[in-house]
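One structure below.
The values are calculated or read from the model by the stated rules, or taken from the named source; none is laboratory data. These numbers were taken from a predicted model, which means no experiment stands behind them. FYI the Cβ positions are ideal-geometry reconstructions off the backbone, even for glycines, and counts take in every protein chain you see. For the accessible areas, the whole protein counts, side chains as well, though only heavy atoms, and no ligand, DNA or RNA atoms are used. Shrake-Rupley method; radii C 1.70, N 1.55, O 1.52, S 1.80 Å.
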Amino acid sequence: MPYATTNPATGKTEKVFPTHTPAEVDALLDRAVTAFSSYKETTYADRARHLTTAAELLEAEVPDVARILTTEMGKTFAAAKAEVSKCAVALRWFAAHGAELLADEEIATSAKRSYVHYQPIGAVLAVMPWNFPMWQVIRFAAPALMVGNVGLLKHASNVPQTALAIEDLFRRAGLPEGVFTTLFVESKDVAALIDDPRIAAVTITGSEGAGMSVAEAAGHALKKSVLELGGSDPFVVLPSADLDACVRTAVTARVQNNGQSCIAAKRFIVVDAVHDEFLERFGEAMAALVVGDPFDPATDVGPIVTESQRDELRSQVEEAVRQGATAHTGAAVPEGDGWYFAPTVLSGVTTDMQAAQVEIFGPVAMVLRVPDVETAIATANATTFGLGSSVWSNDEAEIARCIEGIEAGAVFVNAMVASTPEMPFGGIKRSGYGRELSELGIKEFTNAKTVWIA
Ligand code: NAP
């Protein structure tokens, strides 16, 4: 696919960018390797200064940068501004804590002194998605640059201006040429890049299919990889839940980012005793959402990223209804320009339906009725994914049971799933492997060197 900005709110292609030629890619890889040879010698204090400057620049430019995000992928302007601000927070957090997280770890052994020493490994390739086009990149780049690695970004082909803005941000923050580079390469050429000896490791945030290709290429080249893939997160509602907070959060958890978030709640698993009340209130709240121009402050839900993704959403909903689900609200494509889809609630969904087995990427909520907490946990786990999960209860024993029993990279109790720099983020099963953010994330692309002094 060519790199192009196509506005999902209008369907119009606004700008097209040529892909880099093989010779240009070659030169950019050489430049990254050269940059690494001196960047790895810089101090944590130097790197922290650059990341802090990048944060300051972003904070001063939130609306300008957010405008690019909204134009390229359709999230509401408010959501785009929040994303940009969150990036600044992460840059500051890794600048403040990187040195401490990467400090030598003394370990008591029979040696005179023994410790683990963390070192950078080189140029890390990041294959990134369009849905949080700045956050996903900063989530990779802030820790990677703090470690002393250099970054190569292969961004999604529909967010080229965001990719260039991030490269420009790091340049203006004073990082030397080659420390962070945007490559305009096609996804079919990613495997060859991973195989290139100048690339040390690869991280991908994206769909299962892309993750499989990247993992295969990394395995072939025997290179470290981190995979952050899709999800079909459960949102479990138990009888003792505070339904007011639960319904309010359920709506946000499903329609955040126009419903296109890996950690959006997708399957609402509700115990019999509260099912009908939850369904009625949730359906009303979803029906009341304002769908429209993402730049209009009154809008809750903007367009779907592409026409083909919008059409796929429609056919997934139609198939669920054909298989026996009931559509309470939405399930329709509004008239007019842009790739909109009305927020939809499907009830009567069962685990064997296709919709419950795939990742539904849009403002479509599936409600599954279960008799008790044990069935709720089994239903939550009846998926090939294992990214996040949310549990609503005020019963300590039930909460403990869910934390232990749900197969996912995260359990949020009485809250929606979210990410924050202090806590690890990642999945299990077909949602991927490895972790981003926190101490675990910053250490993924390091050489944890064992030092033994006899
Ligand atoms: P995608 O189609 O998989 O694309 C992600 C990136 O991978 C893009 O840069 C894409 O490039 C590239 N790509 C696609 N096919 C590839 C291949 N065969 N080999 C190498 N690279 C390939 O995903 P998306 O539609 O952009 O993003 C949505 C997906 O990302 C959802 O599944 C969502 O759940 C997941 N996601 C996961 C997380 C997480 O943290 N776990 C966070 C956000 C999103 P092109 O654009 O050029 O095709």
Under-5 Å amide H pairs with ARG113, H placed in peptide plane, nonlocal only: ILE453
Cα-centred dipole magnitude for the chain, charges only on beta-carbon of K, R (+1) and D, E (-1), debye, nearest 20: 1100 debye
The chain: angle of helix 135-147 to the longest principal axis, Cα-based, in degrees nearest 10: 30 degrees
Region 119-153 and region 426-454: distance between their alpha carbon centers, rounded to Å: 14 Å
Euclidean distance of C-alpha centroids, region 61-114 and region 36-51, integer Å: 16 Å
Within straight-line cross-link reach of LYS224, aspartates and glutamates at Cα separation under 17 Å, skipping those fewer than 8 residues along the same chain: ASP195, ASP196, GLU216, GLU436, GLU444
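Counting only protein heavy atoms and a 1.4 Å probe, tell me what percentage of region 233-413's accessible area is made up of carbon and sulfur.
On region 233-413, the fraction of accessible area on carbon and sulfur atoms equals 48 percent.
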Inter-probe distance in nm under a simple model that places probes 7 Å from Cα toward Cβ, at GLU319 and GLU61: 4.2 nm
Prolate/oblate/rounded call for region 1-71, Cα gyration tensor, a/c under 1.5 rounded: oblate
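Quickly rank 31-41, 258-268, 346-356 as a protection proxy: mean count of other C-beta atoms within 10 Å, highest first. Please list the in-between numbers first.
On the way: 31-41: 16.7, 258-268: 26.6, 346-356: 18.7.
Averaged packing, sorted descending, gives the order 258-268, 346-356, 31-41.
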Between 0 and 90°, nearest 10: helix 272-287 axis offset from the chain longest Cα axis: 80 degrees
Modelled FRET efficiency - R0 45 Å, ALA103 with VAL16, Cβ distances, 0.05 increments: 0.45
Ordering of 180-190, 415-425, 106-116, 394-404 by burial proxy (mean other Cβ atoms within 10 Å per residue, highest first): 180-190, 415-425, 394-404, 106-116
Long-range tail of P(r) for the chain (Cα pairs > 37 Å, %): 27 percent
3J(HN,Hα) from dihedral phi, region 407-421, Karplus parametrisation 6.51/-1.76/1.60, rounded to Hz, x for glycine, proline: 8, 6, x, 7, 10, 10, 9, 6, 7, 7, 5, 8, 10, 8, x
Space enclosed by the convex hull of the alpha-carbon atoms of region 303-454, per residue, Å³: 169 Å³
Cα-based reach from LYS188 at 19 Å (exclusive), listing lysines while leaving out same-chain residues under 8 positions away: LYS154, LYS223
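Rounding to the nearest 20 debye, state how big the charge dipole of region 337-415 is about its Cα centre with +1 on each Lys and Arg Cβ and -1 on each Asp and Glu Cβ.
Working: 2 positive and 10 negative charges, 36 e Å.
Here region 337-415 has a charge dipole of around 180 debye.
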Calculated from backbone phi, Karplus (6.51, -1.76, 1.60) coupling profile of region 200-215 in Hz, x at Gly/Pro: 8, 6, 9, 10, 10, 10, x, 7, 4, x, 5, x, 4, 5, 5, 5
Accessible solvent surface per residue of region 233-413, calculated while the other protein chains remain in place, 1.4 angstrom probe, Å²: 38 Å²
Region 314-386 and region 219-293: distance between their alpha carbon centers, rounded to Å: 11 Å
DSSP bridge orientation in region 233-413 - percent antiparallel, rounded to nearest 5: 15 percent
Charge dipole of region 233-413 about the Cα centre (unit charges at C-beta), most positive-ward option of GLY259, ILE399, VAL290: GLY259
Pairwise label distance in nanometres, GLU404 with THR326, each label 7 Å out on the Cα-Cβ vector: 3.7 nm
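Throw me the Rg/Rh for region 251-392, computed over C-alpha atoms with Kirkwood Rh, two decimals.
Dividing the radius of gyration by the Kirkwood radius yields 0.95.
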Of LYS15/LYS266; LYS429/LYS449; LYS15/LYS443, pairs whose Cα-Cα distance is over 31 Å: LYS15/LYS266; LYS15/LYS443
Derived scalar couplings ³J(HN,Hα) [region 45-61; Karplus, 6.51 cos²θ - 1.76 cosθ + 1.60; whole Hz; x for Gly, Pro]: 5, 4, 5, 4, 4, 5, 5, 5, 4, 4, 4, 4, 4, 4, 4, 7, 10
Aspartates and glutamates with Cα under 12 Å of LYS75, excluding same-chain neighbours fewer than 8 positions away: GLU83, ASP293, ASP296, ASP300
In degrees, nearest ten, helix 160-172 long axis to first principal axis of the chain (Cα): 40 degrees
Cβ charges +1 (Lys, Arg) and -1 (Asp, Glu), total dipole of region 233-413, debye: 200 debye
